[in-house]
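Chemist: Would you mind keeping the following structure in view while I ask a few things?
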Amino acid sequence: MPENNKKQEIKDEKILVAKAKKGDRAAFEDLVRMFSKYVYTTAFFILRDSHEAEDVSQEVFVKVYLSIKGFRGLSSFKTWIRKLTVNTCIDRLRLRSKFRDKKVSLEKITGEYEVVFEGAGGPSLEKNFFHQEAVRDVLRIVVQMEENYRLPLILRDFQDYSYREIAELTGKPIGTVKTNIHRARRIIKEKLKTYK
């Protein structure tokens, strides 16, 4: 059954994209509804700021609206919008001063996890609680990481980018990307030991 739902979702997506390319505003609005949470979540984990994530989300959908007629369909729409989101976030990060790489307060991000991870977990209430707690612990660690560890880790482990793609996006050698991802994973593992 989930396989059929996925196929139907991809079919619906393709139909909406085709209609939006022809100027159908309702189809474009449906695409925005379909992908707005995905775009926001991606932006939030890269930027660590809910307001900036909202700004980037709006900027991404403006870019999509202005350039959807040029979308050739060589990749899925989701892949295309993901690339637009990541590139927009990277541009935003480049504009930030290196000295402004501030740490985000846990109080601020704790409430935002509820938005990003609604409905996570399995059928058991107890399992669901412990799963959500584990996810929160990992996310707290990731959000607090320095940008040179956080960004490649998110692109690799949350967004499924290849090492080569991450190297191209960040302008870093592949070896540096792999090292930073390895170190980020090690940081998570070490800090999780202190939570237990």
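Taken together, the values in this text are just the output of simple stated rules run on the coordinates, not laboratory data. What you see is a predicted model; the values in this text were computed from it and never measured. In this analysis, Cβ positions are derived from the backbone assuming ideal geometry, glycine residues included, and neighbour counts consider all displayed protein chains.
Chemist: Quick one: Karplus J couplings for segment 156-163, per residue in order, coefficients 6.51, -1.76, 1.60, θ = phi - 60°, nearest Hz, x for Gly and Pro?
Modeler: 7, 8, 9, 10, 6, 6, 7, 4
Chemist: Still on this model: Which whole-Hz ³J(HN,Hα) couplings does segment 165-182 yield from phi under the Karplus relation 6.51 cos²θ - 1.76 cosθ + 1.60, θ = phi - 60°, glycine and proline marked x?
Modeler: Each residue's phi maps through the Karplus curve to give 5, 5, 4, 5, 5, 8, x, 10, x, 4, x, 5, 4, 4, 4, 5, 5, 4 Hz.
Chemist: Most exposed first by the Cβ proxy, i.e. fewest other Cβ within 10 Å, how do 39, 17 rank?
Modeler: Result, fewest neighbours first: 17, 39.
Chemist: Could you pull out the pairs from 78/189; 21/178; 83/193; 22/83; 78/172; 78/193 whose alpha carbons sit more than 27 Å apart here?
Modeler: 78/189; 21/178; 83/193; 78/193
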